[in-house]
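Shown next, in structure tokens, is the structure this report addresses.
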Amino acid sequence: DVKVTQSSRYLVKRTGEKVFLECVQDMDHENMFWYRQDPGLGLRLIYFSYDVKMKEKGDIPEGYSVSREKKERFSLILESASTNQTSMYLCASRELDNSPLHFGNGTRLTVT
Amino acid sequence: GQQVMQIPQYQHVQEGEDFTTYCNSSTTLSNIQWYKQRPGGHPVFLIQLVKSGEVKKQKRLTFQFGEAKKNSSLHITATQTTDVGTYFCAGRGSGGSNYKLTFGKGTLLTVNP
């Protein structure tokens with residue numbers, strides 16, 4: 001079974017802090033994604049990566065950056081956290097373009 | 001950009017009643033995927049539809065992909081309390097940036113036992 005592991009289930013950070021959200025997958029998947037989920041807004045794509053060191057902006061990249069130095073790890077970075085970035089963050093991976101997404105358990109980030 | 005509209009946003013049913021959620025895309029899709037997210041959980045893949053007019057069944061769940069590949073539906077027959085959760089459709093565009101899945105906002109299903 002594919003396992004996508006997000007490093008933290010809950011995080012509380014202060015406004016202006018630099019925040020790192022880590023995601024690791026164990027199935028050698030090419031593609032990895034970061035979504036945020038908010039009530040009434042569904043899942044919105046922040047960034048995705050189709051290969052090591054490759055990244056593409058999603059629908060809402062502002063205020064975020066990503067890093068993919070190794071195939072199994074995809075990091076989401078909030079350069080200067082703001083209260084409107086309080087959300088559930090979901091990492092996902094997939095083997096190929098048409099493959100299903102496998103999600104991690106999510107990180108609930110609160111910025112105060 | 002591509003948009004995927006999903007209705008209804010919420011649905012409350014009595015156990016044993018049927019349930020349907022609908023997705024409509026602003027553009028033609030190459031495929032559509034359906035996911036279920038239990039309360040407190042993460043989205044879990046249910047099925048993928050690729051062909052125009054395709055119908056697939058998983059026990060009490062029936063998935064359809066429209067002839068024009070712009071809409072899809074999920075129908076649950078005789079709901080059970082285990083069906084509770086949010087159901088998302090996710091469509092992949094048929095050209096250009098076709099790496100990306102666009103998710104509908106989901107339908108939250110609650111079932112009264």
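The values are calculated or read from the model by the stated rules, or taken from the named source; none is laboratory data. Remember, it's a predicted structure, so these values are computed and weren't measured experimentally. Backbone-built Cβ (ideal geometry, glycine too); neighbour counts: all protein chains shown. Note: accessible area is taken over every heavy atom of the protein model, side chains too, but ligands, DNA and RNA are not part of it. Shrake-Rupley method; radii C 1.70, N 1.55, O 1.52, S 1.80 Å.
Details
- Test set (1) at pLDDT 95 or above; (2) at negative phi; (3) surrounded by 15 or more Cβ atoms within 10 Å (Cβ to Cβ) - B:Glu67 fails condition number: (3)
- When we screen A:Ile60, A:Ile46 for residues that are within 14 Å of another protein chain (Cβ to nearest Cβ), part of a loop (DSSP other than H, G, I, E, B) and either closer than 29 Å to B:Tyr10 by Cβ or open to solvent by less than 10 Å² (accessible area, probe 1.4 Å) (or both), the only hit is A:Ile60.
- Only listed residue being aliphatic (A, V, I, L, M), within 14 Å of chain A (Cβ to nearest Cβ), farther than 23 Å from A:Met32 by Cβ and in a strand (DSSP E or B), chosen from B:Leu108, B:Leu74: B:Leu108
- Failed condition for B:Thr82, given (1) in contact (Cβ under 8 Å) with a residue 24 or more places away in the chain; (2) in a helix (DSSP H, G or I): (1)
- Qualifying residue in the range B:47-67 (condition: among the hydroxyl-bearing types (Ser, Thr, Tyr) and either outside any loop (DSSP other than H, G, I, E, B) or within 14 Å of chain A (Cβ to nearest Cβ) (or both)): yes
- Within the range A:99-112, the set of residues being hydroxyl-bearing (Ser, Thr, Tyr), within 14 Å of chain B (Cβ to nearest Cβ) and over 13 Å from the mean Cα position of the chain (by Cα) comprises A:Ser99 only.
- Looking only at residues of the range A:8-29 that are part of a loop (DSSP other than H, G, I, E, B) and open to solvent by 50 Å² or more (accessible area, probe 1.4 Å), we find that the one that is nearest to A:Ser75 (Cα to Cα) is A:Lys18.
- Residue match in the range B:39-58 (condition: hydroxyl-bearing (Ser, Thr, Tyr), over 26 Å from A:Asp38 (Cα atoms) and exposed (fewer than 14 other Cβ atoms within 10 Å of the Cβ)): yes
- Within the range A:67-98, considering residues that are of a type in the set (Gly, Ala, Ser) and more than 9 Å from every other protein chain (Cβ to nearest Cβ), the one farthest from B:Tyr35 (Cα to Cα): A:Ser80
- You will find that of A:Ser65, A:Ser49, A:Ser7, the residue that is hydroxyl-bearing (Ser, Thr, Tyr) and without any contact (Cβ under 8 Å) to a residue 24 or more places away in the chain is A:Ser65 and no other.
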